[in-house]
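The values are calculated or read from the model by the stated rules, or taken from the named source; none is laboratory data. All values derive from a computational prediction rather than experimental measurement. Cβ placement follows ideal geometry from the backbone for every residue including glycine, while neighbour counts extend to all protein chains displayed.
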There are 2 protein chains.
Amino acid sequence: MQALIDRIRSEGKILPGNILKVDGFLNQMIDTALLDEMGREFARLFASDGVTKILTVEASGISIACAAAFNMGRIPAVFAKKHSTLNQDPDSYSARVFSYTHGTEYTIRVAKRFISPDDRILLIDDFLANGEALGGMLEIIRQAGAEAVGAGIAIEKGFQEGGERLRAQGLRIESLAIIESMDGNSVTFRS
Amino acid sequence: MQALIDRIRSEGKILPGNILKVDGFLNQMIDTALLDEMGREFARLFASDGVTKILTVEASGISIACAAAFNMGRIPAVFAKKHSTLNQDPDSYSARVFSYTHGTEYTIRVAKRFISPDDRILLIDDFLANGEALGGMLEIIRQAGAEAVGAGIAIEKGFQEGGERLRAQGLRIESLAIIESMDGNSVTFRS
């Protein structure tokens with residue numbers, strides 16, 4: 001999506017360790033016009049897939065998931081929780097996810113009553129790199145007996161292996177911007 | 001807002017310790033039609049306040065903040081982070097917030113470049129109880145030299161002291177549903 005690519009070019013910040021910061025328009029400060037445009041693009045891409053629900057992981061996936069869900073006919077957006085809370089639902093699906101950014105493993109959880117076997121679920125996330133978060137969400141959908149119709153990603157790091165591996169496993173992935181390579185001061189996108 | 005009150009009546013779950021769970025339509029699974037309606041209501045309530053930015057706290061405030069920001073003319077929505085990340089901005093405003101739900105204190109942070117002294121900021125949150133999160137956000141706005149034009153809250157627990165205390169300090173608070181009292185199986189709303 002050209003508007004997103006342009007924005008990454010003009011405002012994205014490259015940090016050591018292949019980290020791309022987009023916190024000025026996507027992560028910590030959210031450009032809600034761009035957000036809506038992204039939601040409409042995901043709605044267009046998955047228009048004929050009978051999506052009944054969106055699934056994402058807190059926190060930075062939530063805004064994109066809501067924009068997509070709203071534009072797909074006001075369907076529900078569900079987010080998996082990363083952090084335990086005192087009043088969490090004991091009857092939950094869960095999966096372990098390894099974070100390469102933080103070097104730690106964490107558990108994502110979704111209360112069982114929010115996914116049913118007849119759900120057709122679109123996964124949404126802000127970044128796809130090693131595919132760990134998507135893998136965790138796919139595991140939760142498997143436990144629920146629901147179907148994953150695909151994944152909508154804002155920014156895919158095409159030079160990391162998650163996208164290739166998950167596509168090889170049959171998952172349809174639509175990324176609005178795919179980064180081919182990054183060096184200290186420029187980003188090259190896959191055309 | 002009647003649609004929200006009706007939804008709390010029909011689907012809210014009351015847990016011990018005055019906890020109201022609304023995770024079926026607001027917290028973990030988000031009804032994006034209701035979300036948009038809430039965003040439009042906040043836009044109506046603060047239409048003449050020249051709001052330039054929304055500020056909330058991750059994670060459950062994000063969806064409501066984005067809906068409000070989108071409906072207020074696609075202004076930016078900023079969320080304060082609760083959890084440290086490896087690539088967080090060292091140049092941040094921060095405030096300590098005590099969580100009564102979890103019995104712990106945590107730090108919320110916003111990168112300095114996302115709030116400027118000429119910003120007129122609307123605070124958004126899902127719940128207002130003891131007012132700790134709002135207090136932390138007000139402290140961040142004070143550090144930035146910006147102005148808080150008010151707070152838009154989805155659900156206020158009117159029987160806890162946060163709303164009264166912050167209103168007495170001069171903060172305008174608009175809550176879409178104010179709970180007067182809760183017992184084991186029913187919720188009474190302030191009219």
Subset of segment A:45-73 [more than 8 Å from chain B (Cβ to nearest Cβ), part of a helix (DSSP H, G or I) and either of a type in the set (D, E, K, R) or over 12 Å from the mean Cα position of the chain (by Cα) (or both)]: A:Leu45, A:Asn71
Provide a single number: the residues in segment A:1-21 that are out of contact with any Asp or Glu (no Cβ under 7 Å at 6 or more places or on another chain) and not in a strand (DSSP E or B). 13
Meets criteria (among the polar types (S, T, N, Q) and in contact with a helix residue (DSSP H, G or I) (Cβ under 6 Å, 6 or more places away or on another chain)) for A:Ser99: no
Conditions (1) at pLDDT 95 or above; (2) over 17 Å from the mean Cα position of the chain (by Cα): number failed by B:Ile14: (1)
Odd one out for B:Ser10, checked against (1) within 20 Å of A:Ala65 (Cβ to Cβ); (2) without any contact (Cβ under 8 Å) to a residue 12 or more places away in the chain: (1)
Can you pull out the strands (runs of 3 or more DSSP E) entirely within segment A:74-191 that have at least 1 residues that are more than 19 Å from A:Leu45 (Cα to Cα)? A:77-80, A:92-99, A:104-111, A:147-157, A:173-182, A:187-189
Please specify each residue of segment B:62-73 satisfying the condition of being in contact with a helix residue (DSSP H, G or I) (Cβ under 8 Å, 6 or more places away or on another chain) and either touching a residue at least 40 places away in the same chain (Cβ under 8 Å) or polar (S, T, N, Q) (or both). B:Ser63, B:Ile64, B:Ala68, B:Asn71, B:Met72
Of the residues in segment A:90-105 that are surrounded by fewer than 18 Cβ atoms within 10 Å (Cβ to Cβ) and touching a residue at least 12 places away in the same chain (Cβ under 8 Å), the one that is nearest to the other protein chains (Cβ to nearest Cβ) is A:Thr101
Within segment A:75-87, can one find any residue that is closer than 28 Å to A:Val187 by Cα, more than 7 Å from every other protein chain (Cβ to nearest Cβ) and in contact with a strand residue (DSSP E or B) (Cβ under 8 Å, 6 or more places away or on another chain)? no
Any chance segment B:111-124 includes a residue that's within 8 Å of chain A (Cβ to nearest Cβ) and surrounded by fewer than 19 Cβ atoms within 10 Å (Cβ to Cβ)? yes
Among B:Gln143, B:Gln88, which is the only one that is modelled with pLDDT under 95 and over 25 Å from B:Met29 (Cα atoms)? B:Gln88
